Amino acid sequence: MLDARAAFLAYCRLELGLSGNTIAAYKRDLALVYSALTGLGLDLTQCGPDEVGRLLAWLRDKRRLASSSLVRLLVSLRMYARWLVGEKLMERDRIQLAQMPKLWNVLPEVLSVDEVERLLHAVADGPLRLRDRLALELLYACGGRASEVAGLGLEDLKEHASLVQLHGKGGKDRMVPLGERARSALRRYLAEVRPILDPQHRQRHLLLSARGRPLSRHALWKLVHDAGLRAGITKPVYTHLLRHSFATHLLEGGADLRSVQELLGHANLTTTQRYTHVDAKRLIDVHRKFHPRSI
């Protein structure tokens, strides 16, 4: 079925025009599906709801996949099964009958404001210090995904950099304002570091590596992870944690949910609503501390 998978991914790229990140996610999901099929001794063409249930349980137990990952994986599998039937590679599709795993409301981990401050000041000394500081500032100031921040181009700096244009999932762009600290970090990087990294002005990307190439998502992830270690933050620190913290701190400061949805680039308000559960924890603490009948 390796040839079928490759053909399906080519179909996603050439006919559906899906992004490279989406196709990579489908590829990972299908690799997990086939590892589970092998582990269970199942044939995908014979799978129905019961077999899919066993497959998801195997991935949950053996690969420690969260409910959200299983939901995404089943979406990928359903799309692949429809394609197999359309290409006459599978006689009938019973996979569509499988039920979605129940999603539990897992609260996103967030950094406190103090931890964010420590993180932003924990960049390594060296010639790329100003670039690293800007990368951290942008992740927190914009609430952008790693791919969105790494993909920022010089042309995405608007109103002279009081706004940035982020290119989100599904080709959806959004404008996000920058605060003064992020603007200051941007000005210093553009004046003092980027001209050295790209002296011939050949690169359109904002964030560049030491070799003058676009900074990758992996390099951005490592930068954040290493800064977290230097800051002495005990919880795991990763790029999306700054996005979670951005949303939570806005809500704690009084921002309305619709505005946060727009800033995050969520298509559905339900996705944004999970951050209200995080803020609810703070409200419970306040109630317990100050309400006369909370004890």
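Quick rundown of the values:
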quantity: Single condition D173 does not satisfy, out of (1) surrounded by 14 or more Cβ atoms within 10 Å (Cβ to Cβ); (2) modelled with pLDDT under 95; (3) touching a Leu at 6+ places or on another chain (Cβ under 9 Å); calculated: (1)
quantity: Complete set of residues in segment 73-91 that are farther than 21 Å from A10 by Cβ and surrounded by fewer than 18 Cβ atoms within 10 Å (Cβ to Cβ); calculated: E91
quantity: Which listed residue is in the same structural domain as M90 (by TED's automatic domain parsing), over 21 Å from M100 (Cβ atoms) and among the charged types (D, E, K, R), from K27, K62; calculated: K27
quantity: Per-region count, segment 73-103, residues modelled with pLDDT under 85 and out of contact with any Ser or Thr (no Cβ under 8 Å at 6 or more places or on another chain); calculated: 5
quantity: Segment 8-34, subset of a type in the set (G, A, S) and surrounded by fewer than 15 Cβ atoms within 10 Å (Cβ to Cβ), residue farthest from L59 (Cα to Cα); calculated: G17
quantity: Meets criteria (surrounded by 14 or more Cβ atoms within 10 Å (Cβ to Cβ), over 18 Å from S19 (Cβ atoms), among the small types (G, A, S) and without any contact (Cβ under 8 Å) to a residue 12 or more places away in the chain) for S184; calculated: yes
quantity: Conditions (1) buried (at least 19 other Cβ atoms within 10 Å of the Cβ); (2) closer than 20 Å to L119 by Cα; number of the one not met by A219; calculated: (1)
quantity: Lone unmet requirement of (1) under 15 Å from A141 (Cβ atoms); (2) crowded, with 16+ Cβ neighbours inside 10 Å for G253; calculated: (2)
quantity: Among the candidates H201, H225, H218, residue that is outside any helix (DSSP H, G or I), in the same structural domain as D156 (by TED's automatic domain parsing) and modelled with pLDDT of 90 or more; calculated: H201
quantity: Residue tally, condition farther than 20 Å from G20 by Cα and outside any loop (DSSP other than H, G, I, E, B), over segment 113-164; calculated: 32
quantity: Condition met for L44 (closer than 19 Å to K88 by Cα and outside the structural domain of G170 (by TED's automatic domain parsing)); calculated: yes
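The values are calculated or read from the model by the stated rules, or taken from the named source; none is laboratory data. All figures in this text were calculated on a predicted structure; none of them were measured in a lab. Note that each Cβ is placed from the backbone with ideal geometry, even for glycine, and that neighbours are counted across all protein chains shown.
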